[in-house]
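Heads up: the structure comes next, in structure tokens.
The values are calculated or read from the model by the stated rules, or taken from the named source; none is laboratory data. Quick caveat, the model's predicted, so the values are computed rather than measured. We place every Cβ from the backbone using ideal geometry, glycine too, and count neighbours over all the protein chains shown.
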Amino acid sequence: MTAETGTEAATPLWEVFIRARNGLAHRHVGSVHAADATMALSAARDVYTRRGEGLSIWVVPSGAITASDPADRDMLFEPAGSKIYRHPTFYEVPDEVGNM
Amino acid sequence: MRLGLTSGGGGAGGGIGVAQGMPPPVLPQQWNRPPFHLAARRAIFPVMYTQALNAAETARAEPADAQGPLEQRFQARIDAEARIEPNDWMPPAYRRTLVRQISQHAHSEIVGMLPEGNWITRAPSLRRKAALLAKVQDEGGHGLYLYAAAETLDVTREELVEQLLDGRAKYSSIFNYPTLTWADIGAIGWLVDGAAIMNQIPLCRCSYGPYARAMIRICKEESFHQRQGYEIMMTLCQGAAEQRAMAQDALDRWWWPVLMMFGPPDAQSPHSDISMRWKIKRVSNDALRQKFVDATVPQAQYLGLTIPDPDLRFDAESGHWVFGAIDWAEFRRVLAGGGKCNRERLAARQRAHAEGAWVRAAALAHAAKQRAQVA
């Protein structure tokens, strides 16, 4: 068994995104292994939507996704950190003016 | 390298690369460790679907008091109820414990399809057949969510499957008992899935994010399993004398093995405090077992069935059902391979995997051909 599985080619990994309801964005739900996109879609349907959880499915080869490294998050998001004037509460408007 | 996609029921994110042009990230040292399976080869003690109770081994491998600054920060995050995500630094022993626990859990779901699959073609009605088929499909789905969660820890699906097929990995001892009658399908849903739910609800708050999220999905689906099982028991118990006897016989055979699913008594699992400290495990074996007995005894009474335990009595003072001694020798025997169905279960998985090899190879060959035509 070991020898057999050891020589067998690995089946590619796909990330699965599902739109749960009309008007919502596709959301990552998990992953599946499949040889090609068509099989990945049908595997995603079987694994992640057995109870009507979705209106539409995206599958994306895991290797095709470019991601930031969370270890770099301080450096990556630093530019926004000091810009508190981007938030509405930075500005003072008298109460009399009402909601703004 | 593992980077990031882990929002859902356990995304693997196994092959995701870092942005080109970005400076190469400094890899934490443990990412360069030897392949996981070398560490996993040693014998383990699986409990429940999941409770990995390899904590003993973990403790031997890494003294728990190895507290460098990274460990301290890690523990502080856990203490603050922060979730650990795949790219976060984690102690190697935490990673190993999780891989082992999650993969044992996944294997249990997959092997758990076999005892019930045994009755699909012989279900007594179309309604029961459709429900059982859906339940067995769910078990397969649960196995896949869990494999995906395990894969976020830098281990491949192929490695995990190989560990199951060559007997290195364990799965829950409960699936090494046979399903002799239709009533066993009722008893499994009611008791085995009931015990699994009891165990899995605290796991929804497990410190490892992908595992906790997979457990939330699974718990939502398990409730159907338990209810359909109880309904089968109810139908039998309201039926003819022979049907009631069949239900009682199933309870007699499943009761003790189900209590064993929660694992050895707390006094005999001295190292599980590490899993507790890491918040992988949140409730002790004995506490979960007691909770299960307290919930289940009234359900058995409602059915008019007798729990096969002459020592069972209600203790008004504590408000708990006190039960008799569990035969731990049997538990150890079944775990060690001496159960009625150990060989049959493993042989069935090996056969399924071998017979599917040409399908996997054909699918990959077809995909390669399609890509070549496009190129």
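When the helices (runs of 4 or more DSSP H) confined to the range B:247-336 are screened for residues that are over 30 Å from B:Gln67 (Cα atoms), those reaching at least 3 such residues are found at B:285-303, B:328-333. Out of B:Val47, B:Val26, B:Val18, one residue alone is at pLDDT below 75, of a type in the set (A, V, I, L, M, F, W, C) and in contact with an Asp or Glu (Cβ under 8 Å, 6 or more places away or on another chain). It is B:Val18. Residues that are more than 30 Å from B:Ala357 (Cβ to Cβ) and at the interface with chain B (Cβ under 7 Å from one of its Cβ atoms) within the range A:54-68 comprise A:Thr66, A:Ala67, A:Ser68, listed in sequence order.
Residues are listed down the side, and each one gets a yes or a no for (1) crowded, with 19+ Cβ neighbours inside 10 Å; (2) touching a residue at least 60 places away in the same chain (Cβ under 8 Å); (3) outside any loop (DSSP other than H, G, I, E, B):
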{"position": "B:Trp89", "(1), (2), (3)": "no, yes, no"}
{"position": "B:Arg95", "(1), (2), (3)": "yes, yes, yes"}
{"position": "B:Ile102", "(1), (2), (3)": "yes, yes, yes"}
{"position": "B:Ala106", "(1), (2), (3)": "yes, no, yes"}
{"position": "B:Pro124", "(1), (2), (3)": "no, no, no"}
{"position": "B:Arg127", "(1), (2), (3)": "no, no, yes"}
{"position": "B:Ala130", "(1), (2), (3)": "no, no, yes"}
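Screening the range B:95-153 for residues that are at pLDDT below 95 and among the β-branched types (Val, Ile, Thr) and picking the one that is nearest to A:Ser62 (Cα to Cα) gives B:Thr152. Evaluate the range B:140-156: report whether one residue or more is out of contact with any helix residue (DSSP H, G or I) (no Cβ under 8 Å at 6 or more places or on another chain), crowded, with 19+ Cβ neighbours inside 10 Å, in contact (Cβ under 8 Å) with a residue 12 or more places away in the chain and not in a helix (DSSP H, G or I). Yes - at least one qualifying residue is present in the range B:140-156. Residues in the range A:34-47 that are under 19 Å from the mean Cα position of the chain (by Cα) and within 7 Å of chain B (Cβ to nearest Cβ): A:Val47 only. All of B:Val334, B:Val297, B:Val293 fail the test of being touching a helix residue (DSSP H, G or I) at 6+ places or on another chain (Cβ under 9 Å), of a type in the set (A, V, I, L, M) and at pLDDT 95 or above, apart from B:Val293.
A Cβ distance below 7 Å, combined with a sequence gap of six or more or placement on separate chains, defines the contacts here; from the range B:343-371, residues that are more than 8 Å from chain A (Cβ to nearest Cβ) reach residues that are aromatic (Phe, Trp, Tyr) in the pairs B:Arg345/B:Phe175. Only one of (1) within 14 Å of another protein chain (Cβ to nearest Cβ); (2) modelled with pLDDT of 95 or more is not met by B:Ala316, so which one is it? For B:Ala316, the exception is condition (1).
Each row is one residue, and each column tells you yes or no for (1) at negative phi; (2) surrounded by 10 or more Cβ atoms within 10 Å (Cβ to Cβ); (3) within 12 Å of chain B (Cβ to nearest Cβ).
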| position | (1), (2), (3) |
| --- | --- |
| A:Pro12 | yes, yes, yes |
| A:Gly52 | no, no, no |
| A:Pro70 | yes, yes, yes |
| A:Pro79 | yes, no, no |
| A:Ile84 | yes, no, no |
| A:Glu96 | yes, no, no |
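Taken together, B:Val322, B:Val374 contain a single residue that is at negative phi and within 14 Å of another protein chain (Cβ to nearest Cβ), which is B:Val374.
Within the range A:48-100, take every residue that is within 29 Å of A:Leu13 (Cα to Cα) and of a type in the set (Lys, Arg) and give me the one that is modelled with the lowest pLDDT. In this case the residue turns out to be A:Arg73. Taking the range A:54-100 as the range and being under 16 Å from the mean Cα position of the chain (by Cα) and of a type in the set (D, E, K, R) as the test, only A:Asp69 passes.
A:Arg21 falls short on exactly one of the conditions (1) more than 9 Å from chain B (Cβ to nearest Cβ); (2) touching a helix residue (DSSP H, G or I) at 6+ places or on another chain (Cβ under 8 Å); (3) not polar (S, T, N, Q), and that condition is (2).
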